[in-house]
Amino acid sequence: MIGGGLAGCAAALDLVAAGHDVTLYEARPTLGGAVQTLPEREGDPAPPPDNGQHIALGCFTEYVGFLERIGSGADYRRERLALPVVGERGTTSTIKPSLPALLSYVHVPRRDRLRIPLVTARCRGAKAKPGETFGTLLRRLGASDAAVERFWDVFIRPALNLPADEVDARAGLFTVRTALLGPRASSDVILPTKPLGAMHGDAARRTLETRGARVEPGARVESVDDVDADAVVVALPPREAADVLGEPKPDVEDSPIVSVHLLFDRRILRTPLAALLGSDAHWLFDRGALTGAEPPRGQYVTVVSSGVPELMEIRGRELVDRLAAQITQRLGDAEVLWSRVSREPRATIALRPGAEELRPGVATSRPHIARAGAWTATGWPPTMESAVRSGRAAAAHLLADRKTTVAV
Ligand SMILES: Cc1cc2nc3c(=O)[nH]c(=O)nc-3n(C[C@H](O)[C@H](O)[C@H](O)COP(=O)(O)OP(=O)(O)OC[C@H]3O[C@@H](n4cnc5c(N)ncnc54)[C@H](O)[C@@H]3O)c2cc1C
């Protein structure tokens, strides 16, 4: 197994369960990959800051199953979808999957609002045109510009790590159909209550080792040929996978996520999470409230901006000042007592129109070598759910090959 993100861990669990000898090589000191707690720094409040808030949805059944298998099934809270959205003048309106809630969503003009349930229902049977973005498709189904920017983008952007006007229409349709038009529980919001590192990488390592797998952190693999094994899963990001497999690098683009943790000297966010319309601070999370560990003073807030490459260029102090100013201007005066910035330039692949065709499947050009990773062709957007599904698919691929006796 090469790569100890969720994909590699999920594959390793299945191969160990099938009775194989498994060794997992991970370049970093910890498992968990893109789902990490930041290295500790003096002065960090408790709980320690993560590399970014991670949210799952009720439809992420494989991800939830993975948490249960590694003993972290009690480390999240699950709530019915209710997304408070704060407008430019400070008014809050909540997005919920119910007709009355949609019709009373004040952030789009009344006429546009009436069309939201209609456009949602039309997503059920809609067909994306080749090269179409989700924004174009929504407008074709009757959505206004205001509804795309002020309603749809509120959850499409964090779900797909690109705004509706940039993301592939098929990915948008998949998200709406799977999360919003599926069974009621599919749209539930699942939020971690423990530091990400502890509940993912550390827990996965413990489980794997208990079951007899060897875990080798700090072990960067240069080539699949350096691994002495009968079968290998390459569970790496796109470019690293190509290097290790000796394949041409795929032409996929990345999409970044910037997260800023802020400790304010007083409480200003009244709900556990909220979106800020027309702001660089797309989503705010009350980390103290969500983890049940309030700071002794003030409020511990995580700010997330998805798919905005320009924010990657802004230096730390300037970024903190800019986001804090936008937040306090909207929610009320407060001083920042502590802050920490986390930039992930390659948080996910950018699912622009055409990108889906660049996602390879589980089979590689070489026998007994399978590919995994959230970015591969799982049918899901590049999420934690996709990572776990890809890992399980890679394990199943190797296990289906009767010649595979040992997977190391
Ligand atoms: C800040 C941020 C926020 C996110 N928010 C969400 C969210 O809210 N919801 C959601 O579903 N998804 C979210 N994602 C996406 C999700 O975290 C990823 O899609 C998923 O975790 C990727 O898992 P993976 O195993 O495919 O890849 P990775 O996690 O990238 O794992 C690959 C592993 O391979 C290791 N590696 C690389 N090269 C080598 C080598 N040569 N040898 C050995 N090891 C190597 C890496 O160190 C890494 O640990 C977010 C991602 C980020 C960064």
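Observations on the structure shown:
- Once the Cβ-Cβ distance of residue 17 and residue 40 is raised to the sixth power relative to R0 = 22 Å, the FRET efficiency obtained is 0.10.
- Summarising the amide proton neighbourhood of residue 370: residues at separation of 5 or more, or on other chains, whose placed amide H is nearer than 5 Å comprise 232, 233, 234.
- Inter-probe distance in nm under a simple model that places probes 7 Å from Cα toward Cβ, at residue 271 and residue 185: 2.4
- FRET efficiency, 1/(1 + (r/R0)^6) with R0 30 Å, evaluated for residue 210 and residue 368 via beta carbons: 0.65
- Among 326-337, 208-219, the order from most to least packed when residues are scored by Cβ within 10 Å on average: 326-337, 208-219
- Kyte-Doolittle mean at least -0.5, axial Cα span of 18 Å or more - DSSP H helices of the chain: 316-331, 384-400
- Here the Karplus curve 6.51 cos²θ - 1.76 cosθ + 1.60, taken at θ = phi - 60°, turns the phi angles of the range 44-59 into couplings of 4, x, 9, x, x, x, 8, 6, x, 4, 10, 10, 10, 10, x, 6 Hz, with x standing for Gly and Pro.
- Gyration tensor verdict on the range 102-164 (Cα atoms; rounded if a/c is under 1.5, prolate if a/b is larger than b/c, oblate otherwise): oblate
- Contour excess over end-to-end distance, with Cα ends at residue 118 and residue 226 and 0.36 nm allotted per residue: 33.3 nm
- Taken one residue at a time, the phi angles of the range 77-91 give Karplus couplings (6.51, -1.76, 1.60, θ = phi - 60°) of 10, 10, 9, 5, 4, 7, 10, x, 10, 9, x, 4, 9, x, 6 Hz. Gly and Pro are set to x.
- Put simply, the amide H of residue 24, placed in the peptide plane, has neighbours under 5 Å in 214, 215, 216, leaving out anything fewer than 5 places away on its chain.
- Table column - 3J(HN,Hα) (Hz), the range 27-33, Karplus curve with 6.51, -1.76, 1.60, x for Gly and Pro: 5, 7, x, 10, 8, x, x
- Length gained on full extension, residue 94 to residue 146, computed as 0.36 nm times the residue gap minus the Cα-Cα distance: 17.1 nm.
- Over the chain, the hull volume per residue, using the convex hull of the C-alpha atoms, is 135 Å³.
- Sorted peptide list for 262-269, 350-357, criterion being average Cβ within 10 angstrom, highest first: 262-269, 350-357
- Values of log10 I(q)/I(0), in the order q = 0.11, 0.12, 0.15, 0.26 Å⁻¹, for the range 59-147 under a Debye, Cα-only, solvent-free model: -0.49, -0.56, -0.78, -1.23
- Our analysis of the range 254-349 gives Rg over Rh at 0.95, with the two radii drawn from alpha carbon positions and Rh computed by the Kirkwood formula.
- Under 5 Å between amide hydrogens, built in the peptide plane, is the criterion, and for residue 337 it picks out 263, 264, 265 among residues at least 5 positions away or on other chains.
- Three-way shape call for the range 158-286 based on the alpha-carbon gyration tensor, with the a/c threshold at 1.5: prolate
No value in this document is a laboratory result; all are computed from the given coordinates. Note that the structure is predicted; figures quoted are calculated from it, not measured. Please note: Cβ atoms are built from the backbone with ideal geometry, for glycine as well, and neighbour counts cover all protein chains shown.
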